[in-house]
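J.: Pasting in a structure now, in structure tokens, and then I'll have a few things to ask.
The values are calculated or read from the model by the stated rules, or taken from the named source; none is laboratory data. Predicted model only: the values in this text are computed from it and were never measured. Note that each Cβ is placed from the backbone with ideal geometry, even for glycine, and that neighbours are counted across all protein chains shown.
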Amino acid sequence: MLIVRLFIVLEMLCVNIASVEGFCRRKYNRVISLLVLAAFSVLFFGSIIFLFPQYGDGKLMFLGLLYLIPLSFLYENSVFRMFIIMCMNWAYSLFAFVAAFQISRLLGEVNLYLNMLLIQTGIYALTIYPLFKWAMPKFIFILENLGKYNRECVRYFNLNCVLQSATIVVLNVVFLAEAGSPAKILTIFFFFGTTILSYVMIYHIVSDSVRIRKLEQVSLRDDLTGLANRVCLFEDLQELRNGKDIFSILFMDLDRFKEVNDTHGHVVGDQYLRHFANICREIFRDRGKVYRFGGDEFVVLCPGSIPEDKTEEIRACRSWETGAPCPFNQVSIGALECHPPFKDADRLMYEVDQKMYEMKLRSKKARHQ
């Protein structure tokens with residue numbers, strides 16, 4: 001009888017380890033991981049059988065937390081993340097364990113644990129495939145993406161996992177101490193079903209939020225250059241206007257860009273824009289954000305006063321030749337330093353555009369002299 005009870009617990013353990021193995025990153029190869037876990041299991045169950053001869057009734061299931069010791073050395077995931085995954089596994093394993101116990105009690109006390117092992121195996125056979133192919137991937141998706149959606153929700157989600165596992169442990173202890181009944185079996189299935197439904201709802205919420213965020217990112221990015229676009233520019237400009245700090249706007253217009261398209265073709269013209277965008281991104285990587293305003297016009301928002309050194313670096317464009325599709329025709333730059341109280345966004349953009357236009361006129365006059 002002790003061997004049958006041991007097989008019941010070993011079956012639960014194998015399901016839990018298989019789940020960790022499937023959804024956590026190993027530090028070592030599979031053989032080493034399995035050998036270490038097998039050695040730990042021999043030590044673990046040997047100690048349990050020696051100290052608790054009646055082990056197998058599920059009341060010492062919390063000792064399974066000791067498996068976090070070898071798992072923390074064998075897998076790259078954080079101990080806390082493996083703990084949350086184990087909570088999900090416990091909820092599943094204890095559901096199968098308690099359901100099998102209640103059903104076997106209805107069948108009678110004769111061969112109770114053997115019937116329990118057979119019923120638990122049957123439950124696993126019917127549910128293990130959807131668990132690994134459907135439920136666990138969604139659970140892992142929630143773990144990986146919930147923080148991107150709402151960091152505050154991560155704590156509540158983790159707490160929810162722990163509380164649901166604790167509730168099932170309580171059901172396990174209570175129902176193992178009582179005779180089996182159809183009402184208790186229905187209660188077990190109902191609780192486990194609502195647990196799964198709660199994770200499904202969370203998954204769809206997180207999945208939709210991830211898709212929305214991706215769409216937002218696409219809508220705020222210029223496809224050609226990869227820079228933030230005009231919509232993003234006005235959103236960020238409005239945010240700066242809502243603050244009290246000085247900021248600067250640089251408005252850049254590529255000189256004689258039409259000649260590039262007419263001489264070298266529009267494909268080279270696109271490469272020209274991308275090359276300039278990459279240079280601007282590199283120059284302002286630690287001071288400001290670059291946007292493609294439209295066509296051959298670019299804007300930079302910078303905190304603080306006008307960055308004269310960066311402005312001169314853009315005008316000189318000394319790194320242009322590296323990977324350039326054709327010679328550089330220079331750029332006209334208008335700079336505007338903004339102090340509170342700020343004018344509206346359209347007015348600020350008009351003023352910096354006028355400054356850029358004045359510089360472009362001066363450049364034209366200089367070339368014709």
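J.: Kindly indicate the residue of the stretch 160-213 that is among the hydroxyl-bearing types (Ser, Thr, Tyr) and closer than 20 Å to ASN89 by Cα and also modelled with the highest pLDDT among those meeting that condition.
T.: Result: TYR203.
J.: Now for a different question. Tally up the residues in the stretch 190-235 that are of a type in the set (S, T, N, Q) and touching a strand residue (DSSP E or B) at 6+ places or on another chain (Cβ under 8 Å), please.
T.: Residues meeting the conditions: 2.
J.: Against the definition (over 37 Å from the mean Cα position of the chain (by Cα) and assigned by TED's automatic domain parsing to the domain that holds GLU239), how does GLU282 come out, yes or no?
T.: It is false that GLU282 is over 37 Å from the mean Cα position of the chain (by Cα) and assigned by TED's automatic domain parsing to the domain that holds GLU239.
J.: May I ask you to list the residues in the stretch 124-136 that are touching a residue at least 12 places away in the same chain (Cβ under 8 Å) and either surrounded by fewer than 17 Cβ atoms within 10 Å (Cβ to Cβ) or over 24 Å from LEU10 (Cα atoms) (or both)?
T.: Selection gives THR127, ILE128, PHE132.
J.: Of the numbered conditions (1) in contact with a Ser or Thr (Cβ under 6 Å, 6 or more places away or on another chain); (2) modelled with pLDDT of 90 or more; (3) among the charged types (D, E, K, R); (4) within 23 Å of LYS258 (Cβ to Cβ), ASP353 satisfies every one except a single condition; which is it?
T.: The one condition ASP353 does not meet is (1).
To keep it simple, each residue is scored yes or no on (1) at pLDDT below 90; (2) more than 40 Å from the chain's Cα centre (by Cα).
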residue: GLY288; (1), (2): no, no
residue: VAL299; (1), (2): no, no
residue: ASP309; (1), (2): no, no
residue: TRP320; (1), (2): no, no
residue: PRO327; (1), (2): no, yes
residue: GLU337; (1), (2): no, no
residue: LYS343; (1), (2): no, no
residue: ARG362; (1), (2): yes, yes
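J.: Which ones in the stretch 210-229 are buried (at least 16 other Cβ atoms within 10 Å of the Cβ) and assigned to a helix (DSSP H, G or I)?
T.: Scanning the stretch 210-229 gives a single hit, VAL210.
J.: If you don't mind, there's one more thing I want to ask. List pairs: first residue in the stretch 67-79 and free of Cβ contacts under 8 Å to residues at least 40 places away in the same chain and under 20 Å from PHE45 (Cβ atoms), second residue surrounded by fewer than 19 Cβ atoms within 10 Å (Cβ to Cβ) and of a type outside the set (A, V, I, L, M) anywhere in the structure, Cβ distance under 6 angstrom, at least six positions apart or on different chains.
T.: So the pair list comes out as PRO70/PHE40.
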